[in-house]
1. Would you mind telling me which numbered condition in (1) closer than 16 Å to D202 by Cβ; (2) in contact with a Lys or Arg (Cβ under 9 Å, 6 or more places away or on another chain); (3) assigned to a helix (DSSP H, G or I) F272 fails?
2. Give the number of residues within segment 176-218 that are β-branched (V, I, T) and either within 22 Å of A294 (Cα to Cα) or out of contact with any Phe, Trp or Tyr (no Cβ under 8 Å at 6 or more places or on another chain) (or both).
3. For A243, indicate whether it is crowded, with 23+ Cβ neighbours inside 10 Å, over 15 Å from E166 (Cβ atoms) and not aromatic (F, W, Y).
4. Would you mind stating whether E173 is outside any helix (DSSP H, G or I) and within 20 Å of the chain's Cα centre (by Cα)?
5. Identify all residues within segment 171-230 that are surrounded by fewer than 21 Cβ atoms within 10 Å (Cβ to Cβ), of a type outside the set (A, V, I, L, M, F, W, C), farther than 22 Å from S90 by Cα and touching a Leu at 6+ places or on another chain (Cβ under 8 Å); write none if there are none.
6. Can you spot a residue in segment 262-277 that is modelled with pLDDT of 95 or more, crowded, with 18+ Cβ neighbours inside 10 Å and over 20 Å from F6 (Cβ atoms)?
7. For segment 1-91, which fully contained strands (runs of 3 or more DSSP E) count at least 1 residues that are touching a residue at least 12 places away in the same chain (Cβ under 8 Å) and among the aliphatic types (A, V, I, L, M)?
Amino acid sequence: MEKKVFIDIGINGAFLTRRWEEPENFMKLTRGLGYDFHEFCSDVLDPFFSGDRDYQLETAKKIKEYAEKYQVVIRDYYTGMATHRFHGLSHSDERVRRRMREWIYDAIDIAKTMGASYIGGHWDAIPVEVLEDRERTKRAVEHIYKEFRELSLVVKEKGLLGICNEQMYIPSEKPWTLEEAENFLIEVNKENNGAPCYLTIDVGHQAGMHYGLKGEDLSYVEWLKRFAAFSPIIHLQQTTPDASNHWPFTKEYNEKGHVKMEEVLSAIKYSFDHYKKSPVSHYLKPVEKIILMAEVIPSSLKTEEEVIRELKETEEYLRNYIPKGGIIYEFSE
């Protein structure tokens, strides 16, 4: 039986951070830049730092209103930089873990109110003191599985389609290897009565050589081949192999970077053509839609005019590979 997966591009809202404030501008800029899908960055509307609860939900409603006005789809609500500064769900003290859960619960409400289908990101970093002990590390990883299974119940109750965990490139932020990613997807979905738990692949998050990783763990192509079929959101950035630079796809940065869209799309197709060979397929169905999010994080020293120019050039470049309206791959179930 033939199945289909729809693929299109979108934009991560990190470029808005500390620049634009008004919800109408968020969606007006997205539409003007040529993107039909928007990944809302939590740094733009944070559950703890952006005013009180009334303000957050009022703003989320306005965002949904303007998204509809400008015909932009809010695909997901994704963590920005803020939560990466804390141990969060992997902290040794339950009081700290509980506080991060509160952040996530509030974020789910914001996501639902603005019309997002998914919530995702990274909410934990295992402490170095724990990583030095193999048994403590094992327990910490198992605890993260438990946290995601419990969060998935809330996500389902609120009506979202799923929760995504982003693969990273340092040992404290799991998963950072191909093996860990496979284990995560299996363990959190194996006995899960909530919404599906997915993996977000970032093509710039294979810089683990600084901590000793080698081989296929350092290949964004291999990550896509193995897990794109289980990743409704994939982050695109131009970068070098040893860093996560979050550059735009402009002529200047394409000459410096190593990410090739031909390789990205070929690897995604391979993932769907071979998904049944993955042990993950016993617990998670392949996704029906993938949005490739341009996650460009501009320097604060770049002017707004320069930011917009680079994001528009990025859209024009990506449209050489994925035309307006997206593309469809067919694969065998």
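The values are calculated or read from the model by the stated rules, or taken from the named source; none is laboratory data. Here the structure is a predicted model, which is why all the values come from computation and not from measurement. Here the Cβ positions follow ideal geometry from the backbone for every residue, glycine too, while neighbour counts run over all protein chains shown.
1. Unmet for F272, out of (1) closer than 16 Å to D202 by Cβ; (2) in contact with a Lys or Arg (Cβ under 9 Å, 6 or more places away or on another chain); (3) assigned to a helix (DSSP H, G or I): (1).
2. Taking segment 176-218 as the starting set, the residues that turn out to be β-branched (V, I, T) are 177, 186, 188, 200-201, 203.
Then keep just the ones that are either within 22 Å of A294 (Cα to Cα) or out of contact with any Phe, Trp or Tyr (no Cβ under 8 Å at 6 or more places or on another chain) (or both); that gives 177, 200-201, 203.
Of the residues in segment 176-218, 4 are β-branched (V, I, T) and either within 22 Å of A294 (Cα to Cα) or out of contact with any Phe, Trp or Tyr (no Cβ under 8 Å at 6 or more places or on another chain) (or both).
3. Numbers: crowded, with 23+ Cβ neighbours inside 10 Å: no; over 15 Å from E166 (Cβ atoms): yes; not aromatic (F, W, Y): yes.
Criteria not met by A243.
4. Working: outside any helix (DSSP H, G or I): yes; within 20 Å of the chain's Cα centre (by Cα): yes.
Taking the combined requirement at face value, the residue satisfies it.
5. Scanning segment 171-230 gives N193, E216, D217, E222.
6. No; the residues of segment 262-277 include none that is modelled with pLDDT of 95 or more, crowded, with 18+ Cβ neighbours inside 10 Å and over 20 Å from F6 (Cβ atoms).
7. Working: elements: 2-12, 37-41, 73-78.
Those strands (runs of 3 or more DSSP E) span 2-12, 73-78.
Yes/no per residue for (1) surrounded by fewer than 19 Cβ atoms within 10 Å (Cβ to Cβ); (2) within 22 Å of the chain's Cα centre (by Cα):
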{"residue": "H84", "(1), (2)": "yes, yes"}
{"residue": "Y105", "(1), (2)": "yes, yes"}
{"residue": "I119", "(1), (2)": "no, yes"}
{"residue": "K138", "(1), (2)": "yes, no"}
{"residue": "E150", "(1), (2)": "yes, yes"}
{"residue": "L153", "(1), (2)": "yes, yes"}
